[in-house]
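Below: one structure, written as structure tokens.
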């Protein structure tokens with residue numbers, strides 16, 4: 001009986017205060033609807049990057065090696081590279097975001113000025129890239145997908161197509177920079193190998209000269225057919241060739257250092 005009486009009392013109170021409830025609740029409800037519909041919908045697009053942690057041998061490109069101990073740190077490092085200012089700034093320039101109102105203006109201040117009927121000035125000069133970079137960083141989310149070798153690059157924007165385009169642009173810039181770094185390393189390794197080949201060619205030429213001098217200086221022994229003298233001359237030639245090889249190897253080490 002007490003529960004039924006309490007319910008009836010609440011219904012009666014609501015009936016008596018219906019006007020007050022409507023006068024207070026209806027404006028709050030309408031204001032909430034205005035606020036919700038005034039905000040621009042936000043879209044998030046993601047692109048995936050697969051990190052290859054295997055090491056390549058320049059002399060044996062088909063032989064791939066991988067170390068599980070360093071794979072995790074390698075993938076986490078690639079996440080930070082994608083989030084770096086160098087990658088994001090190039091994406092901003094390629095995507096022409098310096099003149100994009102979504103990133104060139106402060107979103108909160110821009111909405112307040114738009115609601116007040118005022119126009120906001122687009123930042124210019126040296127301050128513009130820094131402000132756009134800060135806004136773009138807020139829109140970019142880079143994370144590793146669990147313990148896999150996949151990295152997810154997400155970009156949030158007012159426009160779904162723009163979000164997809166910027167997500168793909170960020171991964172494209174990252175991949176291009178990684179390829180450029182690998183090409184530079186390959187060119188550097190090629191120059192080192194070229195120096196070593198040159199040094200080895202010099203050693204071979206020196207050995208050929210020593211062989212020619214040996215043959216010409218001991219032609220009389222070969223004609224005489226003295227076995228003991230030929231063995232002694234052959235040992236002397238071996239010592240001369242070994243000395244020349246040691247000098248050539250030292251030249252290679254000096255070139256590499």
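The values are calculated or read from the model by the stated rules, or taken from the named source; none is laboratory data. Note that the coordinates shown come from a computational prediction; the quantities given were computed from them, not determined experimentally. Cβ atoms come from the backbone with ideal geometry, glycine included; neighbour counts cover every protein chain shown.
A few remarks follow.
- Matching residues in region 137-147 - criterion: being modelled with pLDDT of 90 or more and either farther than 17 Å from residue 80 by Cβ or assigned to a helix (DSSP H, G or I) (or both): 137, 138, 139
- Filtering 200, 233, 189 for residues that are out of contact with any helix residue (DSSP H, G or I) (no Cβ under 8 Å at 6 or more places or on another chain), modelled with pLDDT under 90, surrounded by 11 or more Cβ atoms within 10 Å (Cβ to Cβ) and assigned to a helix (DSSP H, G or I) leaves a single hit, 189.
- Matching residues in region 85-98 - criterion: being loosely packed, with under 14 Cβ neighbours inside 10 Å and either in a loop (DSSP other than H, G, I, E, B) or at positive phi (or both): 96
- Looking at 217, 228, just one residue is out of contact with any helix residue (DSSP H, G or I) (no Cβ under 9 Å at 6 or more places or on another chain) and either outside the structural domain of residue 150 (by TED's automatic domain parsing) or modelled with pLDDT under 80 (or both), and that residue is 228.
- For region 99-108, the candidate set comprises residues that are surrounded by fewer than 19 Cβ atoms within 10 Å (Cβ to Cβ) and assigned to a loop (DSSP other than H, G, I, E, B); within that set, the residue that is modelled with the highest pLDDT is 100.
- Set 77, 125: member being on the phi > 0 side of the Ramachandran plot, out of contact with any helix residue (DSSP H, G or I) (no Cβ under 7 Å at 6 or more places or on another chain) and either modelled with pLDDT under 90 or not in a strand (DSSP E or B) (or both): 125
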